[in-house]
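Taking it in order: structure first as structure tokens, then the write-up.
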Amino acid sequence: MSNDKHDKHDKYDDSDTDTLLDSIYFSSPLPSTSLDSPLPPLISDLHNLYLSGSYLEVLITSPVTLACVFEEGSTEIRPSDAIARSVQSYIDDPPPTSSSSQSSSSLTPSLRYYLVALTLSSSFNLYLQSNYTGPAISQDVVYKALLTASKSTSPTSEVSNNISGPNVQNRLSVSGDLITPVSSYPGFFLISTSLLTALDNHHPGVWLVNVWIVRSGRCYGELLVYEGKSTAPPFNLSVWGRVEKAIEVVIKGGEGGEGGIAKSVELGGGECTGDTAISKGIDAFNGDENNFSQVKESSSRYKLASTALEVGLACAYFQTHRMGKPFFNLAKKWTGIKAEVTGRMGKKTKFQEEDIAQMVCIAESVMEERGGDGVAKEVPKTHSYDEHNPLLESTSFNDPSLNSAPPLTKLDQSILLSLCLDVKNANPADGLTASQMHPYLERVLKHCDDWMIYSTALLERAWLECESNHRRERAVLQIQALVDQHEQKLTITQSTYKAAVTDSKGAEERLSNLHRIVYPPRWGIKKDLGERYAKMGILTSAAEIFETLHLWDEVVECYTHAGKKNKAEEVVRRELEIKPTPRMYAALGDITDDEECYKRSWELSGGKYARAMAAMGRMSFDKGDFRRCYDCMVVATRVKPLSPSAWFLLGSVSMRLQEFKTALKAFSFVVQQVPDDCDAWANVAAVHIHNKNPESAYPALCESLRFRRQNWRVWINKLYCCMDLGKWDEAVQAVHTLLDFKTQKSTMKDIPDMDERVVKALVRETVKGLEKCVREGKGEEDGEYQARVKSCERVQEMLGRISSVVRTEGWVWEAYAEFNERLGRGDEKVLDCLTKVHRCNNANVWGKGDDEGIEKLCGLTARICEIHCKEGGGRGQQEVKQGRTKAMYFARGIVKKLEKEYEFKEGEKYGEEGKRLVEVLKGLE
């Protein structure tokens, strides 16, 4: 066979490939009539096993498993690059001497490509069944099957280590983020992702392969454990990067022309990448209506609608909500579902006498259900209200048709749940948002067509009902039932064999629509249940749940609040005796404050567990050893760059060590990862201020205050920054805000008094701006003049507020006097302010040796006397005479104090202002 790349693609890039992959995508029988040749028995048998949900049997029977996945004679999974080489060799030219290829060498490359895809899909479904949908698979069954598939004689413990051990966990870790230790059989996920990467590398651009990449990306994000601040992004950017590239292919279509949302609605040619490609898909919703009518086959419309829905859910998970919603609407348009949320008269409680308006979702499917009549015989366990609860199970409407709506297709139900998700993502978590979500959930719950869709609606409803006092008990029991349905064993919510096994759906039916909904993994639901118990005060039960999930921080917290801290340490030490792990040693360090535990955790992880190094850095910081803390945090952030808390601590200790360049870099990483971290923004500004760069500090200060306006320290920094930049109006606003804080008892003692230089500069510059407008001849109708007048009004208000708070400081009235004088507000107002300045200074300068203060007081007294004696301005002779008399007595009193102050001073007794005041007094006498 030729090794030329073009010839290699011709071997399998034919019409059969798409048909075979579609059969996996739709979980439908192989359409042998549309293939060029009859299907071999191996293909038919494996596909029938796949359709029946026997994924483990497919995995151990497929020749791909032995040829490409396991090391020879062992259950150890090969390295990913070795799997990629094996897959390429298996598809293009399987060795005829290989025992696994004796049944594969006669197959066409298309069928061998299909076998690899079927194997990875079966492995992926095994992981999903074990961790998302259930029913759980027995370990004995799995281990025996893997030993059979690999033809190994290894002990069961070695099989367990190869499919769930530390090696698998380390291979699945990304950028310092480890996988959750409570996942079941993560080796199946490793096999599926390795085979998926191999297929994508072997022939990039296959549309359905990229759909699988989008699916696995969501699961990968939920498998990883993210530690640090609660505001940290709940996904790994490396995982999102691969998903984003796959979404691009899904939108544009594969290289062979198959699929493609943008192509199907004819959005035009041209290359588009990254966000541009996603935008192309979003634009599809706004395309011409005729574009949708061109795809007449229901299977094609179903495929495009389903794919658009999956892409939207991926965007929503990776926090790109605005990109997700258009894809939900696009899926809605492809299926043609008629849905609207409106209001109708009805009742919600048993004793309600008058009907009031209630929200309702009116929906009707247009497309027919695929592969069945849409009727389910079994439903998940649903809890009802007790007889004493005044609420009805569902809203009772006056219109009987709304109480028994027509059934919807499974895809349309998934679309309604996605629209409900969009309401949740786009609005704050409050009662109004919950009332907007309830109609979608009630509409889906009217009919049970799919086990997992119904479970998702029940779970979402339970989350909403946990916020209501009358509904909380039912909601918690419902979450418990959804946790229990994962395993077929007797529990409080599955009290009979019939409920636990007979009425339970099989894996193939549970998995059929899992990718079109948002259903968390079993550890996610259990964690949520534990948090609900903890909020309700059921701390011991919550701690037991967290213990099964290895959430040791929560275990310690619950036992501590329950008065059982020793129990927490006992639990952690017991787990360490069973299986030492980096996370367990770190948890023990949290309990005992023993640095040796963190060192052991770091060594056990092989230098990959960033939390252990960050904890050692934090302990060094608390002890005042800033240099060691700096070194630890540099290592921690290098191992795990996506750790905002570690970057924040590195920035803080860098500022202590005067390493401002490193501090700026660290805090910049924090705000990139957590844009709403107000403290990080404030520290970015602080570094810029230290570097004499107010232009860069100003926007950082504004961002910090946008997220938390109650931080008075940031307001002080903004005040000085605005002064440096000449933003006088914003500086005045900052002063007003600080004065507001001064009136609050919680902060009034901490906030320093207003700076004299700042206030006087604001007065001077504000008045200067108005004087400039007057000189330029701008009138009252001019916009700049009006703005300057308003600025002066704000400054006047500021001075009035400061004078009411700072009563014993003469500089406040001095600034007020300058403001009145320069604006020509009359001698009386200026004199009043100067008199108050004189009163404040007169009480503070005598008998203290303050020559400078005395000189200033003498000059102020002379100025007051000049104003008293000033003629004109409508003042009569009598008023002038009275003013001179007041000035004389006023000056005489200060001169007497002056003489007494310097009575025994030799040489020149008075300064220039003192001499001037004496001369003024002589003129008045």
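The values are calculated or read from the model by the stated rules, or taken from the named source; none is laboratory data. Computed from a prediction, not measured in an experiment: that's the story for all the values here. Cβ coordinates were reconstructed from backbone atoms using ideal geometry, including for glycine residues, and neighbour counts include every protein chain displayed. In case anyone asks, the SASA skips ligands and DNA or RNA and just uses the protein heavy atoms, side chains included. Shrake-Rupley method; radii C 1.70, N 1.55, O 1.52, S 1.80 Å.
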Just checking, does the stretch 533-550 include any residue being surrounded by 23 or more Cβ atoms within 10 Å (Cβ to Cβ), in contact with a helix residue (DSSP H, G or I) (Cβ under 6 Å, 6 or more places away or on another chain), among the hydrophobic types (A, V, I, L, M, F, W, C) and modelled with pLDDT under 90? no
What residue, of 171, 215, is touching a helix residue (DSSP H, G or I) at 6+ places or on another chain (Cβ under 7 Å), more than 19 Å from residue 69 (Cα to Cα) and part of a helix (DSSP H, G or I)? 215
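Answer with yes or no whether residue 585 is closer than 22 Å to residue 175 by Cβ, assigned to a helix (DSSP H, G or I), without any contact (Cβ under 8 Å) to a residue 40 or more places away in the chain and open to solvent by 20 Å² or more (accessible area, probe 1.4 Å).
Here the answer is yes, as residue 585 does meet what is asked.
Taking the stretch 171-192 as the region of interest, how many residues are closer than 19 Å to residue 242 by Cα and either basic (Lys, Arg) or touching a residue at least 60 places away in the same chain (Cβ under 8 Å) (or both)?
So in the stretch 171-192, the residues closer than 19 Å to residue 242 by Cα come out as 171-179, 189-192.
Subsequent filtering for residues that are either basic (Lys, Arg) or touching a residue at least 60 places away in the same chain (Cβ under 8 Å) (or both) retains 171, 173-178, 189-192.
Number satisfying all stated conditions: 11.
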Considering the stretch 113-171 alone, what residues qualify as being within 19 Å of residue 190 (Cβ to Cβ), of a type in the set (A, V, I, L, M, F, W, C), open to solvent by 30 Å² or more (accessible area, probe 1.4 Å) and within 36 Å of the chain's Cα centre (by Cα)? 137
The one condition residue 313 fails out of (1) under 14 Å from residue 414 (Cβ atoms); (2) at pLDDT 80 or above; (3) open to solvent by 70 Å² or more (accessible area, probe 1.4 Å) is (3)
Among the residues of the stretch 153-168, count how many are under 15 Å from residue 69 (Cα atoms) and either free of Cβ contacts under 8 Å to residues at least 12 places away in the same chain or outside any helix (DSSP H, G or I) (or both). 0
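Could you list, in sequence order, the residues of the stretch 438-454 that are assigned to a helix (DSSP H, G or I) and more than 25 Å from the chain's Cα centre (by Cα)?
439, 442, 443, 444, 445, 451, 452, 453, 454
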Only unsatisfied item for residue 201, checking (1) over 29 Å from the mean Cα position of the chain (by Cα); (2) of a type outside the set (A, V, I, L, M); (3) open to solvent by less than 20 Å² (accessible area, probe 1.4 Å), is (3)
Quick test for you: out of 418, 468, 435, pick the one residue that is in a helix (DSSP H, G or I), at pLDDT below 90, more than 20 Å from residue 507 (Cα to Cα) and open to solvent by less than 50 Å² (accessible area, probe 1.4 Å). 435
Across the stretch 125-152, what is the total count of residues that are over 30 Å from residue 610 (Cβ atoms) and touching a residue at least 40 places away in the same chain (Cβ under 8 Å)? 18
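When you check residue 530 against the structure, is it outside any helix (DSSP H, G or I), out of contact with any Cys (no Cβ under 7 Å at 6 or more places or on another chain) and either open to solvent by less than 10 Å² (accessible area, probe 1.4 Å) or of a type in the set (Gly, Ala, Ser) (or both), yes or no? Don't jump to the end; show me each part of the working.
Working: outside any helix (DSSP H, G or I): no; out of contact with any Cys (no Cβ under 7 Å at 6 or more places or on another chain): yes; either open to solvent by less than 10 Å² (accessible area, probe 1.4 Å) or of a type in the set (Gly, Ala, Ser) (or both): yes.
The answer is no for residue 530.
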Result of the Cβ filter at 9 Å on the stretch 785-799, keeping first residues that are over 16 Å from residue 773 (Cα atoms) and open to solvent by 50 Å² or more (accessible area, probe 1.4 Å) and partners that are in a helix (DSSP H, G or I) and among the acidic types (Asp, Glu), at least 6 apart or interchain, is 794/729
With respect to residue 224, determine if the residue is modelled with pLDDT under 90, of a type outside the set (S, T, N, Q), closer than 22 Å to residue 551 by Cα and crowded, with 23+ Cβ neighbours inside 10 Å. no
Output the qualifying pairs, or none if there are none: Cβ atoms under 8 angstrom, residues six or more apart or on different chains, first residue in the stretch 411-438 and without any contact (Cβ under 8 Å) to a residue 60 or more places away in the chain, second residue basic (Lys, Arg) and open to solvent by 20 Å² or more (accessible area, probe 1.4 Å). 433/424; 437/424
Could you tell me how many of the residues in the stretch 554-574 are in a helix (DSSP H, G or I) and open to solvent by 80 Å² or more (accessible area, probe 1.4 Å)? 7
Go through (1) in contact (Cβ under 8 Å) with a residue 60 or more places away in the chain; (2) out of contact with any Lys or Arg (no Cβ under 8 Å at 6 or more places or on another chain) for residue 549 and report which single condition fails. (2)
